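All remarks here apply to the structure that follows.
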Amino acid sequence: MERLDLKTISAYLNGAHLTRWHPPGHEPVIFVSEKAILDPGKAIRGGIPICFPWFGGAGKPSHGFARITQWLTDDVGDDHVKFKLAATEATRDVWPHDFEAGMELSGGDALDATFTVRNTGNVAYDIELALHTYFTVADVRNVTLTGFADCDYIDQLADNAVVTQQGEQTIDGEVDRIYQNHTDDVTITDPGMSRRITVKKTGSKSTVLWNPHVEKAKRLADFGDDEWPRMLCVETANIGDHAVTLQPGYSHETTLRIEVEHV
Ligand code: BG6
């Protein structure tokens, strides 16, 4: 599959999918499974899959078609790439709307991702999206998360019960949560890698936190049974009540900035 290897980042045209960010002076930040399938039309397990134009529900393909569709490059620089995707017969078969989407990625000391979508049709529609970022951690059981205190989340492992997050957070089992009305920065402090990752965003009111833990990892064909301790997804999203309504001619932009520091 065609991949762009730039200075600090790599990305596939399939899905406009970033799979590497290696900031100078740090270990790589983004996790990709050793079992990831790199075939056109398949979602890559790891990196930053783009979930669009839907996240959950019964919609097929799961998480939308953007992550399994071939995008075009619009602009490629030293450590910067812009991808674009517009409606085709194939996308209209699964989602009957016109749109133009862009994904701009810039590497360096920080990673910047900007996802845009414009309604180029004549009717309004709703979109969901997620920049489904997989982070590398030394051992997820030892990381501490901040940025979710007092925020309500939908617990996808408990019949979508709504729960309020208390204070700092550690991960000691499977987690699959959608934090709603969440706009704060999230930090992942990882003592094993002596680093802190900060996730900043704009144009996003949902954040998904996901780790499959032992049993779900076994059920994922493209994920090693023993890989779950080494990753954590913190996903910059707009889901459910925070789906975005796009009137004809209007655009939406979601940005993600990832920073890393030694601690
Ligand atoms: C998360 C979802 O965002 O992605 C989980 O909340 C899901 O429910 C996970 O299991 C992985 O999804 P997929 O489609 O890439 O296997």
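The values are calculated or read from the model by the stated rules, or taken from the named source; none is laboratory data. Just so we're clear, the structure is a prediction, and the values are computed from it rather than from any experiment. Note that we place each Cβ from the backbone using ideal geometry, even for glycine, and neighbour counts take in every protein chain shown.
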query = Within segment 49-80, restricting attention to residues that are over 25 Å from Thr207 (Cβ atoms) and not charged (D, E, K, R), which residue is farthest from the ligand (Cβ to nearest atom)?
reply = Gly77
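If you scan segment 166-186, which residues turn out to be farther than 18 Å from Val140 by Cα and at pLDDT below 95? Give the steps one after another, and end with the answer.
Pass one, segment 166-186, residues farther than 18 Å from Val140 by Cα: 166, 178-185.
Across segment 166-186, the qualifying residue is only Gln166.
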key: Scope segment 129-144; condition away from the ligand (no atom under 16 Å from the Cβ) and either within 17 Å of the chain's Cα centre (by Cα) or surrounded by fewer than 20 Cβ atoms within 10 Å (Cβ to Cβ) (or both); matching residues   = Thr136, Val137, Ala138, Asp139, Arg141, Asn142, Thr144
ask   = Within segment 71-143, which strands (runs of 3 or more DSSP E) (wholly inside it) include 1 or more residues that are farther than 19 Å from His26 by Cα?
value = 72-76, 80-86, 99-106, 111-119, 125-127, 129-131
query = Taking segment 216-254, which residues are of a type in the set (Asp, Glu), within 14 Å of the ligand (Cβ to nearest atom) and either outside any loop (DSSP other than H, G, I, E, B) or without any contact (Cβ under 8 Å) to a residue 24 or more places away in the chain (or both)?
reply = Glu235
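One line per residue, one yes/no per condition, for (1) touching a Ser or Thr at 6+ places or on another chain (Cβ under 9 Å); (2) crowded, with 20+ Cβ neighbours inside 10 Å; (3) of a type outside the set (Val, Ile, Thr):
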position: Asp150; (1), (2), (3): yes, no, yes
position: Tyr153; (1), (2), (3): yes, yes, yes
position: Leu157; (1), (2), (3): no, no, yes
position: Tyr179; (1), (2), (3): yes, yes, yes
position: Lys218; (1), (2), (3): no, no, yes
position: Gly224; (1), (2), (3): yes, no, yes
ask   = Which residues, counting only those in segment 6-18, are part of a strand (DSSP E or B), closer than 16 Å to Ala113 by Cα and in contact (Cβ under 8 Å) with a residue 12 or more places away in the chain?
value = Ile9, Ala11, Tyr12, His17, Leu18
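Could you tell me whether Ile68 is β-branched (Val, Ile, Thr) and in contact with a helix residue (DSSP H, G or I) (Cβ under 6 Å, 6 or more places away or on another chain)?
no
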remark   = When Thr202 is run through (1) among the β-branched types (Val, Ile, Thr); (2) surrounded by fewer than 13 Cβ atoms within 10 Å (Cβ to Cβ); (3) within 16 Å of the ligand (Cβ to nearest atom), the failure sits at (3)
task = Would you mind telling me which numbered condition in (1) surrounded by 15 or more Cβ atoms within 10 Å (Cβ to Cβ); (2) hydroxyl-bearing (Ser, Thr, Tyr); (3) away from the ligand (no atom under 11 Å from the Cβ) Thr207 fails?
result = (3)
query = Can you tell me which residues in segment 37-65 are under 20 Å from Ala217 (Cβ atoms) and either acidic (Asp, Glu) or surrounded by fewer than 17 Cβ atoms within 10 Å (Cβ to Cβ) (or both)?
reply = Ile37, Leu38, Lys42, Ser62
query = Just a yes or no: is a residue in segment 179-193 without any contact (Cβ under 8 Å) to a residue 40 or more places away in the chain, more than 16 Å from the ligand (Cβ to nearest atom) and of a type outside the set (Val, Ile, Thr)?
reply = yes
Verdict on Asp172 being outside any strand (DSSP E or B), on the phi > 0 side of the Ramachandran plot, of a type in the set (Asp, Glu) and more than 21 Å from the chain's Cα centre (by Cα) = no
